[in-house]
Amino acid sequence: MDDLYREVIIEHYKHPGYRGHLEPHDIQFADNNPLCGDHIEITMQVGADGTVKDARFDGHGCAISQASADLLIESIIGKPLEEVKQLNKQHILDLLGIDLGPVRLKCALLSLKVLKAGVYGLGEASDELVE
């Protein structure tokens, strides 16, 4: 089963469906993982009803960070911001479907940290956002 999930990760890394930048956007946030140099920026358009109309990510890094960003963006489009605020690391782990060590977990959670800092309108991202 892990092989199937690894194939999904590689596919999202090589052919991300949600890479890009939205203009105009309502929410924008970016951050880095200083341990490995991964960088993620997320832009979002939010509807009048408070749902995510569209979202995109951009950045660079390892397959895990880029695939998790693509999978995360795919999973939030059409969801209310209040539901997006409740996402946690288990959501990312479920999307990826594989076990990760502590270093790779930081890579996988970078997109969630960026997303939540943007949704909450924070000046900086914190690891506490993804617990």
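Data overview
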quantity	calculated
Those residues of the stretch 13-26 which are in contact (Cβ under 8 Å) with a residue 24 or more places away in the chain and in contact with a Ser or Thr (Cβ under 7 Å, 6 or more places away or on another chain), in sequence order	HIS21, LEU22
Qualifying residue in the stretch 67-84 (condition: more than 13 Å from LEU115 (Cα to Cα) and in a helix (DSSP H, G or I))	yes
Checklist (1) closer than 17 Å to TYR18 by Cβ; (2) among the acidic types (Asp, Glu); (3) surrounded by fewer than 20 Cβ atoms within 10 Å (Cβ to Cβ); (4) in contact with a helix residue (DSSP H, G or I) (Cβ under 7 Å, 6 or more places away or on another chain) applied to GLU74, failing item	(4)
Selected residue (criterion: farthest from HIS25 (Cα to Cα)) from residues of the stretch 110-123 that are in contact with an Asp or Glu (Cβ under 8 Å, 6 or more places away or on another chain) and of a type outside the set (Gly, Ala, Ser)	LEU110
Unmet requirement for THR43, which otherwise passes all of (1) assigned to a helix (DSSP H, G or I); (2) buried (at least 19 other Cβ atoms within 10 Å of the Cβ); (3) hydroxyl-bearing (Ser, Thr, Tyr)	(1)
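Every read-out reported here was derived from the displayed coordinates using simple, explicitly stated rules and does not represent laboratory data. Remember, it's a predicted structure, so these values are computed and weren't measured experimentally. Quick reminder, even Gly has a Cβ in these numbers, built from the backbone with ideal geometry, and neighbours come from all protein chains shown.
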